[in-house]
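S.K.: I'd like to ask some things about the structure below.
Just so you know, all these numbers are worked out from the coordinates, no wet-lab data involved. Owing to the predicted nature of the structure, the values given are computational and were not obtained by experimental measurement. Here the Cβ positions follow ideal geometry from the backbone for every residue, glycine too, while neighbour counts run over all protein chains shown.
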Amino acid sequence: NTAASLRERPHCNIGTIGHVDHGKTTLTAAITKIQSQKGLADYVPYDQIDRAPEEKARGITINACHIGYATADRTYAHTDCPGHADYIKNMISGASQMDGAILLVAANDGQMPQTREHLLLAKQVGIQRIVVFINKADLVDQEVLELVEIEMREMLTDFGFDGVASPVICGSALLALRGDQSKFGVPAIEELLEQCDSFIPTPTRDISSPFILPIDNAFTVPGRGTVVVGTIKQGTIVRNADADLLGFNQNIKTTVSDIQIFRKSVPQAIAGENVGALLRGIKISNVERGMQLCAMGSQDISNHYEGSMYLLSRAEGGRHKPMLSKYIQQLFSMTWNVPARVDLVPSDAMLLPGEHGQVRVTLLRKMVMTPGQPFTIRENGATVATGMITSRLP
Ligand code: GDP
Ligand code: MG
């Protein structure tokens, strides 16, 4: 009964980010312990979270622990990673897409390099809402907490988040884990969860943006024309909608003359639905897997994109040598691949295996890529880099 009612609640993907040793894992354990006492979670002890099994995503090894718990309002899937490199890889590869994040900062340390790096990555991968937890409040005076809060709000603003409205909670994950009922203990965690519930919106299917249908497949219906098949990524397609068929240097105007779901004709289809779209005036030879059908005028093809990229280490099966600008390889994304040139930002930079950085990608053929879209680069069939698009360049 409880399980069933939990499943009906709205769901949110969240995670702890922040500098090493600031208390991310302790906080994660404390949340599960406190919610377990309300029947809203199974308690997951600290050691079990930090001994997360290795995961393989897009050819890279990521240590990440995914923990489920509920509040009165929602269910959460919470990601905690043991090491800094795991966070980088997790975010850049899009392995666990967070709807919002809890940024931890230890009050006795203040913001540190990894605090800033995680926040920058969070921005780049499209996380919009951050809730700040100033941890280890048991170790410092009130004035220090106030100073750290001011600094954190300024940093949020600097990185393009809402430094004024974002909730900032002071507490102690360690006291909370021990069941301490003083204000920095259990009550601080309860306050944190309430703020997550109210400040991080429940993700919804985007059915109002201009539609995008990535094309998985295409076939000909004799006497009717060409049907493209795929799962609608965003928006709503209505019958007779004007559309652009985009990718592999092509930008072809067309009209969606029929939409089918499970071989039945429907007047419209929304994000998440797998559809066949009958296109007016399109020959099957015009269509290639990896093209996108987009609401007319809403997207464009380009050769040039900017992104964040992680170069796999030797131990992960990556390159032995560093990467320099003018690196040319096959780039894979969604269902397509094209030759591409990768230049580092700045252009004279060098990326060692196991490092990450900003890149400019030049595709040999013009494709549609949108911010947040993951990609990989392979050499001789082995993944050597994983990345995410942050912007389209003219
Ligand atoms: P992570 O690397 O961010 O996951 O940090 P951990 O959760 O592993 O915590 C690092 C260290 O800080 C551990 O020794 C914890 O016991 C300690 N710690 C965590 N939270 C608190 C706290 O609120 N107060 C104090 N005094 N120590 C804490
Ligand atoms: Mg940890």
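S.K.: Taking the chain as a Gaussian network, where each spring joins two C-alpha atoms under 10 Å apart, which residue of 94, 23, 381 fluctuates the most?
M.R.: Judging by the Gaussian network model, the answer is 381.
S.K.: I'd like the Karplus ³J(HN,Hα) series for the stretch 104-112: coefficients 6.51, -1.76, 1.60, θ = phi - 60°, whole numbers in Hz, and an x wherever there's a Gly or Pro.
M.R.: Values, residue by residue: 8, 9, 7, 4, 7, 10, x, 5, 10 Hz.
S.K.: Of 298, 262, 234, which is farthest on the positive side of the dipole of the stretch 225-359, counting Cα position, with +1 on Lys and Arg Cβ, -1 on Asp and Glu Cβ, and the Cα centre as origin?
M.R.: The listed residue farthest towards the positive side: 262.
S.K.: Determine the alpha carbon to alpha carbon distance for each of 89/136; 253/366; 33/56; 24/56 and list only those over 19 Å.
M.R.: 89/136; 33/56; 24/56
S.K.: Could you tell me which residue out of 287, 46, 333 lies farthest along the dipole of the chain toward its positive end? Charges go on the beta carbon: Lys and Arg +1, Asp and Glu -1, centred on the Cα centre.
M.R.: 287
S.K.: Then there's this: What number, rounded to the nearest 500 deg cm²/dmol, is the helix-based mean residue ellipticity at 222 nm of the chain, given -39500 (n - 2.57) per DSSP H run of at least four residues and division by all its residues?
M.R.: Computed mean residue ellipticity for the chain: -6000 deg cm²/dmol.
S.K.: Same structure, new question: Under 11 Å from the Cβ of residue 72, count the other residues' Cβ atoms, weight Lys and Arg +1, Asp and Glu -1, and hand me the total.
M.R.: With Lys, Arg at +1 and Asp, Glu at -1, the net is -1.
S.K.: Any chance you could give the angle, 0 to 90 degrees and rounded to 10, that helix 24-36 forms with the longest Cα principal axis of the chain?
M.R.: Relative to the chain, helix 24-36 is tipped by roughly 80 degrees.
S.K.: Considering Cα pairs under 8 angstrom that are at least six residues apart, work out the relative contact order of the chain and quote it in whole percent.
M.R.: Relative contact order of the chain: 13 percent.
S.K.: Still on this structure, please answer the following. For residue 320 paired with residue 183, estimate the spin-label separation in nm (one decimal), with each label point 7 Å from Cα along the Cα-to-Cβ line.
M.R.: 6.0
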